[in-house]
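Take a look at the structure set out below.
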Amino acid sequence: MIAMANQNNILRDAIAEIARTARKDSIKKRKKRDLSRPASKWIVPTRLGNKIGTALSIVLSTVGCSHASSESGGCTMCSYLLDGTEEPPTSEQIVHQFQTAMHAVDDKESPISVKLYTSGSFLDSREVSDSARSEILQKISEDDRVEQVVIESRPEYVNDSLMSDIRCILGDRIVEIGIGLESISDSIRSICINKGFTLDDFTKALETCKEYNIGIRAYVLVKPPFLTERDALLDSVSTIVKAAELGVSTVSVNPVNVQSYTLVEKLWRARDYRPPWLWTVVEILKQAREAVDSQVTIVCDPVAAGKSRGTHNCGDCDTSFVKAIRSFSLEQNPIVFGSLSCDCKREWQHILSHEDVSLMHHI
Ligand SMILES: [Zn+2]
């Protein structure tokens, strides 16, 4: 791979422009919402230490991601801005959204891991005011069922004073900041994803978190646009291995799903993009689990799996793959993949060896 800085900048700007255009209409499509309604949420089993508990993911409605709504155009695969609201909710409304969502879990389902999402960054005070953030964390600290808290944020909002506040309020609970590292490669993150931060930004956030015994949950994106299936596989494995070496506590593996009003959707409609094979996802999990210290948890809960817009195989075997991936996330044991087999494996292998050379070979 030869680095040609000027051409990279031109390429990155062109891709950002397409991402911006694809997204333009989405803001108008945002629905008027009752800003006090309960936040959307979902519940799945999760491993907490040696126990199986419940992960409660809560998506608060805010004005949405600053990066996505900025002139940068936002990430090439993400349309979460659509979930945002036109009017910024008040602090009381955000706290109310949170409180009503917490009622979804009953005491039998503890211990609980609470995951706070906003379709952007929970730590961005433009989305969640300082007072709303403190009040939500305070309420969590008063709930003995909660053993783990995961807060999603871009790295630019991680700083000493916030991490110190979070640690202080949440006491000795396990805390992780979830950051979309996506790829360890600055070229792939910047050009293919238009992510808008560097590995250096990520590493600084990680070092700050370490000071407060706060872990990092790194999100790894499987198959950003412009990569072949094979490059995507290699990139995800090396990203997981290197993120573990940097000291992340958890890796969450996220195969691309095709979201509306994105550059990825444009490519997909033009038949220039296929979401990753489930075979690829399983291979990434197997190789990464083998290579990475067992202290680092590797999880995957693929969105739209088995559908044409999500990670999929031939259609016949998809359900068994998704089931195995879920078991792997709980048990951390790649043995759950042992029984997977299907005729479509040959097609996948053929694609791995013969797909056209991707953009990344040129930069
Ligand atoms: Zn199959």
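The values are calculated or read from the model by the stated rules, or taken from the named source; none is laboratory data. Computed from a predicted structure; not experimentally measured. FYI the Cβ positions are ideal-geometry reconstructions off the backbone, even for glycines, and counts take in every protein chain you see. We work out accessible area using only protein heavy atoms, side chains counted, and drop any ligands, DNA or RNA first. Shrake-Rupley method; radii C 1.70, N 1.55, O 1.52, S 1.80 Å.
Taking the listed residues 209, 168, the one that is assigned to a helix (DSSP H, G or I), without any contact (Cβ under 8 Å) to a residue 12 or more places away in the chain and among the hydrophobic types (A, V, I, L, M, F, W, C) is 168, with no other qualifying. Evaluating residue 292 against the criteria (1) within 18 Å of the chain's Cα centre (by Cα); (2) away from the ligand (no atom under 14 Å from the Cβ); (3) within 26 Å of residue 242 (Cα to Cα) leaves one unmet condition, (1).
The number of residues in segment 196-217 being closer than 11 Å to residue 183 by Cβ and either touching a Phe, Trp or Tyr at 6+ places or on another chain (Cβ under 8 Å) or open to solvent by 10 Å² or more (accessible area, probe 1.4 Å) (or both) comes to 1.
Applying the selection to segment 123-157, what residues are part of a strand (DSSP E or B), touching a residue at least 40 places away in the same chain (Cβ under 8 Å) and open to solvent by less than 50 Å² (accessible area, probe 1.4 Å)? Listed by number, the residues that qualify are 148, 150. Just one residue in the set 266, 307, 286 is within 16 Å of the ligand (Cβ to nearest atom), out of contact with any His (no Cβ under 9 Å at 6 or more places or on another chain) and open to solvent by 40 Å² or more (accessible area, probe 1.4 Å); that residue is 307. Looking across segment 318-331, the residues that are open to solvent by 40 Å² or more (accessible area, probe 1.4 Å), at pLDDT 95 or above and not basic (Lys, Arg) come down to 319, 320. If you go through segment 47-68 one residue at a time, do you hit one that is in a loop (DSSP other than H, G, I, E, B), at pLDDT below 80 and open to solvent by less than 80 Å² (accessible area, probe 1.4 Å)? Within segment 47-68, not a single residue is in a loop (DSSP other than H, G, I, E, B), at pLDDT below 80 and open to solvent by less than 80 Å² (accessible area, probe 1.4 Å). For segment 314-336, taking the residues that are near the ligand (Cβ under 9 Å from one of its atoms) and touching a residue at least 24 places away in the same chain (Cβ under 8 Å), the one that is nearest to residue 294 (Cα to Cα) is identified as 321.
Only a single criterion out of (1) open to solvent by 20 Å² or more (accessible area, probe 1.4 Å); (2) under 22 Å from residue 250 (Cα atoms) is not satisfied by residue 87, namely (2). Looking across segment 342-351, the residues that are open to solvent by 100 Å² or more (accessible area, probe 1.4 Å) and in a helix (DSSP H, G or I) come down to 346, 347, 350. Give just the number: which of (1) away from the ligand (no atom under 16 Å from the Cβ); (2) open to solvent by 60 Å² or more (accessible area, probe 1.4 Å); (3) in contact with a Ser or Thr (Cβ under 9 Å, 6 or more places away or on another chain) does residue 339 not satisfy? Failing condition for residue 339: (1).
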